[in-house]
Amino acid sequence: MAWDDVTDAEWELIRPFLPVAAIGRLPRRLRDQLNGVIYHFRTGSQWRDLPERYGNWNTVYKKFCAWRDARVFQALMDALIARAAARGETDLALVAVDSATVRAHQDASGMAAPAALIDALVAAAAEEKGASPDQVSNVYRRRLRAAARPRRRLTRRVVYSAASAAGVGGPAPPSPSSDAPEAG
């Protein structure tokens with residue numbers, strides 16, 4: 001067993017979540033295959049570069065795909081979090097989101113919020129910073145209300161050029177006499 005493989009205690013936690021067929025032969029190298037999947041993601045190597053101690057790379061890859069499709073990793077994570085929560089060992093400070101991998105759509109830049117929600121957010125921000133809501137409110141209220149305002153839809157401008165006035169490529173500009181009142 002390599003230093004980075006799953007320990008016996010970890011294996012006893014993980015083993016019940018790995019599906020085994022009801023009929024047929026029991027897998028002999030299930031632990032090695034799990035270690036191969038972990039090795040692949042830890043090193044970032046290609047599946048074909050998997051060391052032989054984990055078994056045939058194609059077998060490990062197919063096992064990973066089967067576990068992925070059966071949502072084994074999600075069930076394992078949920079169970080481990082529930083077990084840690086039962087012992088009181090969960091801490092949301094351990095949760096981290098890398099901003100380099102979180103992307104938002106370009107339309108997600110604004111927030112429409114009612115005034116009551118804005119007041120609640122300002123109160124929460126003031127409580128977090130240990131300041132009075134009046135100290136925090138001016139900055140946050142301006143930002144939140146600006147984000148809550150409906151945005152004006154930009155209209156497309158039509159630019160007329162000499163080529164379009166001559167009738168080449170595009171609409172002709174409106175004649176000045178059609179919109180303007182007659183001079184009297």
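Here, each number is a calculation from the coordinates, and none is a lab measurement. Here the structure is a predicted model, which means the values were calculated and not measured. Every residue, glycine as well, gets a Cβ built from its backbone with ideal geometry; the counts of neighbours run over all protein chains shown.
Numbers for the structure displayed
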read-out	value
Rule-of-thumb Rg ratio for the stretch 8-86 [Cα; 2.2 N^0.38 Å; N residues]	1.14
Within the stretch 7-34: backbone nitrogen closer than 18 Å to the LEU76 label point (7 Å, Cα to C-beta)	7-21, 27-34
³J(HN,Hα), Karplus 6.51/-1.76/1.60, whole Hz, each residue of the stretch 47-56, x for Gly, Pro	4, 5, 8, 5, x, 5, 5, 8, x, 5
Residues LEU80, LEU34 arranged by fewest to most Cβ contacts within 10 Å	LEU80, LEU34
Net lengthening on full extension, ALA85/THR43 (0.36 nm per residue, minus Cα-Cα)	12.1 nm
Nonlocal amide H pairs with ALA70, under 5 Å, H built at 1.01 Å	none
In sequence order, calculated HN-Hα J values of the stretch 32-42 (Karplus, 6.51, -1.76, 1.60; Hz; x Gly/Pro)	5, 5, 4, 4, x, 5, 5, 4, 4, 6, 6
Neighbour-count ranking [beta-carbon atoms within 10 angstrom, fewest first] of LYS63, LYS129	LYS129, LYS63
